[in-house]
Amino acid sequence: MHELFEHKADVGVKGIGETKEEAFAECAKAMFSIMIDLETLGSEKKFNIEIETNDLESLLVDFLNHLLYLRDVNEVLFNKFDLYIINDGDEWKLNGICFGEKINKKKHDIKSDVKAASYHQLKVEEKNRKWIAQCVVDV
């Protein structure tokens, strides 16, 4: 499940799942739902991703910003994520595949632009046997 939450100038994105991976994927879906109706996207394009960082919260921000980088460079929007997150003791690592579709202005109605994920209201935590991943994105 993903949702948006209110913020003064920007938009908060939140993902909730049974696992960290599911929460991260749902948070990414929330971010892309700001840009487009996810139901209109196919998932024939796929991109492998690998991200490493010092803490779990930074991993979320780096993951979302990497997706925005892929969007800008490859002109693709994402709607499906197959992720694997591990902690090797020193670093957190995210590996996965992101699925989406090349932007087609005739087919896709782009609602808004997301510029970057921020550390504002950043949280990755397990609560009541559910994982929550959230932050504010700059629109």
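Where a number appears in this text, it was derived from the coordinates with a stated rule and is not lab data. Just so it is clear, the structure is predicted and the values come from calculations on it, not from any experiment. Counting neighbours? That spans all protein chains shown, and the Cβs are built from the backbone with ideal geometry, glycine included.
Whole Å is fine, so just give me how far the alpha carbon centre of the stretch 86-112 lies from that of the stretch 46-75. Computed from Cα coordinates, the inter-centre distance equals 7 Å. The packing ranking of peptides 59-67, 12-20, 123-131, highest mean first, is 59-67, 12-20, 123-131, where packing means the average number of other beta carbon atoms within 10 angstrom of each residue.
Per residue, the chain reaches -8500 deg cm²/dmol at 222 nm when only DSSP H runs of four or more residues are counted, each adding -39500 (n - 2.57).
I want to make sure I understand the PRE zone here: with the label point 7 angstrom from the Cα of SER43 toward its beta carbon, which residues in the stretch 57-72 have backbone N atoms less than 11 Å away? Inside the label zone: nothing.
The long axis of helix 20-35 is offset from the longest Cα principal axis of the chain by roughly 30 degrees. Subtracting the Cα-Cα distance of LYS102 and ASP90 from 0.36 nm times their residue separation leaves 0.7 nm of extension gain. Please compute the net charge surrounding ASP88, taking Lys and Arg as +1 and Asp and Glu as -1 over other residues with Cβ under 15 Å from its Cβ. Around ASP88, the surrounding residues sum to -3.
Assuming R0 = 30 Å, what is the FRET efficiency of GLU52 and GLU75, from their Cβ-Cβ distance, to the nearest 0.05?
Values: r = 26 Å, r/R0 = 0.87.
In this case the efficiency is close to 0.70.
Each of LYS111 and GLU18 was given a label point 7 Å from its Cα along the Cα-to-Cβ line. The distance between the two points is 2.7 nm. What lysines does LYS46 reach when the alpha-carbon gap must be under 24 Å and sequence neighbours fewer than 8 apart in one chain are set aside? Of all the lysines, those that pass the test against LYS46 - Cα under 24 Å, at least 8 places apart if same chain - are LYS14, LYS20, LYS29, LYS80, LYS93, LYS102, LYS105, LYS106, LYS107, LYS111, LYS115. Relative to the longest principal axis of the Cα atoms of the chain, helix 56-74 runs at roughly 20 degrees.
Mean projection of the Cα convex hull over all viewing directions, computed for the stretch 2-138: 7.9 nm².
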